[in-house]
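These notes are about the structure you will find just below.
The values are calculated or read from the model by the stated rules, or taken from the named source; none is laboratory data. Please read all numbers here as calculations on a predicted model, not as lab measurements. Heads up, the Cβs are rebuilt from the backbone with ideal geometry, glycines too, and the neighbour counts pull from every protein chain shown. The protein model used for the area step is the full one, side chains on, heavy atoms only, and it has no ligands, DNA or RNA in it. Shrake-Rupley method; radii C 1.70, N 1.55, O 1.52, S 1.80 Å.
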Amino acid sequence: MSTLTEGTRLVVSGALYSERGHPVFRWGKGDPLTVVLFDGDERTILRRSIWAGRQQNEYWNQFTPISLLGGSVMLFVVAYYLSRLPMLRVAALLALAVGLSPVLPFVPPGVVFVLLYRVLWRNGRMRRAMRDLLMLPTRYFDRSALASRTLLPDGEICSMETAATLAEALRLAPGAKVRAPSPADVSKVRRYSVFGRETDDDGVRRLIRPSDPFAEHLIIPGDPWELARKSRIRARVFELTAVTAFAVGFAGNLILVFVALVAWVR
């Protein structure tokens, strides 16, 4: 970007150097410089970046349409040359059918499986994003400890505690956000993981919101590491099922087109 509008808010992460008494961020070897432009609440930057940063479909990018078009043209050329030899007529028809692959998933009856694929893939993507969000507050802590403390970059003491009930967790961390893979998980567990900055105002120990915008004030119903593992497994199941649905729809349409071409040639 050559210019920035006045008042643009951004987060910079990378190697910090001192030049003539001024701090300067630079791209260092093995230490890339990351700049994120944002709006809204700065406390939600990390969460929103993780949630929105995951691609909707890792198998589709700016090169995919060109690749599909180029592959189709090449297959049409192959089909043309094969069709000139009677003994290779079947191979020519197969090449022609496969050359139509970019449009095959979007015609009936295979389009039903494509729609199912999109729904399943979206669910898998959401569960992968939830896995990342569940692991976000744990980056400061050790899983082996039921309760632990750590120093944040700004020197504050941040704690991870456990509570037996949601009411107890809310008393320990009033105003904390509850994050769970699904609403049904909130009341079905016997352990709540609570994250926040320690304070003992009025002689009552509580976990409040840290000053560091990247440290969260959070309640997770259950063990966040175990919940993240289950979310990863569920995401993989959804993704594999989605790919299977797409393959079934594509293969079905391919067979129908090939049979139709054979019948048309005869």
(request) Would you please list the contacts, defined by Cβ atoms under 8 Å and residues six or more apart or on different chains, that run from a residue in region 20-47 that is farther than 16 Å from Asp212 by Cβ and small (Gly, Ala, Ser) to a residue that is assigned to a loop (DSSP other than H, G, I, E, B) and open to solvent by less than 80 Å² (accessible area, probe 1.4 Å)? (result) Gly28/Gly14
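Does Arg47 count as surrounded by 14 or more Cβ atoms within 10 Å (Cβ to Cβ) and closer than 30 Å to Leu240 by Cβ?
Yes: the conditions hold for Arg47.
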(request) Return a yes/no flag: does region 199-214 have any residue that is hydrophobic (A, V, I, L, M, F, W, C), under 25 Å from the mean Cα position of the chain (by Cα) and at pLDDT 90 or above. (result) no
(request) Please verify whether region 56-69 includes one or more residues that are open to solvent by 100 Å² or more (accessible area, probe 1.4 Å) and in a helix (DSSP H, G or I). (result) yes
(message) Every residue in region 184-205 that is open to solvent by less than 70 Å² (accessible area, probe 1.4 Å) and not in a loop (DSSP other than H, G, I, E, B), please.
(response) Ala184, Asp185, Tyr192, Ser193, Val194, Phe195, Gly196, Arg197, Glu198, Thr199
(request) For residues that are of a type outside the set (D, E, K, R) and either over 13 Å from Ile220 (Cα atoms) or part of a loop (DSSP other than H, G, I, E, B) (or both), tally how many sit in region 156-166. (result) 5
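State which residue is least open to solvent (accessible area, probe 1.4 Å) when the search covers only region 106-150 and only residues that are farther than 26 Å from His217 by Cα and in a loop (DSSP other than H, G, I, E, B).
By that ranking, first place goes to Gly110.
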(message) Can you pull out every residue in region 168-183 that is open to solvent by 60 Å² or more (accessible area, probe 1.4 Å) and of a type outside the set (D, E, K, R)?
(response) Leu170, Pro174, Gly175, Pro183
(request) Go through (1) surrounded by 10 or more Cβ atoms within 10 Å (Cβ to Cβ); (2) under 30 Å from Gly124 (Cα atoms) and name the single condition Gly40 misses. (result) (1)
(message) Is it the case, given these coordinates, that Gly222 is in contact with a helix residue (DSSP H, G or I) (Cβ under 9 Å, 6 or more places away or on another chain) and farther than 20 Å from Arg43 by Cβ?
(response) yes
(request) Identify the single condition in (1) at pLDDT 85 or above; (2) surrounded by fewer than 15 Cβ atoms within 10 Å (Cβ to Cβ) that Trp264 does not satisfy, given that it satisfies every other one. (result) (1)
(request) Check off (1) farther than 22 Å from Arg234 by Cα; (2) open to solvent by 70 Å² or more (accessible area, probe 1.4 Å); (3) of a type outside the set (S, T, N, Q) for Glu156 and give me the number that stays unchecked. (result) (2)
(message) Between Pro181, Pro153, Pro210, Pro174, which is part of a loop (DSSP other than H, G, I, E, B) and free of Cβ contacts under 8 Å to residues at least 40 places away in the same chain?
(response) Pro174
(request) State all residues of region 88-98 that are more than 32 Å from the chain's Cα centre (by Cα) and either in contact (Cβ under 8 Å) with a residue 60 or more places away in the chain or surrounded by 17 or more Cβ atoms within 10 Å (Cβ to Cβ) (or both); if no residue qualifies, say none. (result) Arg89, Val90, Ala92, Leu93, Leu94, Ala95, Leu96, Ala97
(message) What pairs come out if I take residues in region 233-247 that are at pLDDT 90 or above and pair them with residues that are in a helix (DSSP H, G or I) and open to solvent by 70 Å² or more (accessible area, probe 1.4 Å) whose C-beta lies under 6 Å away, six or more apart or interchain?
(response) Arg234/Arg127; Ala235/Arg127; Ala245/Phe113; Ala245/Leu116
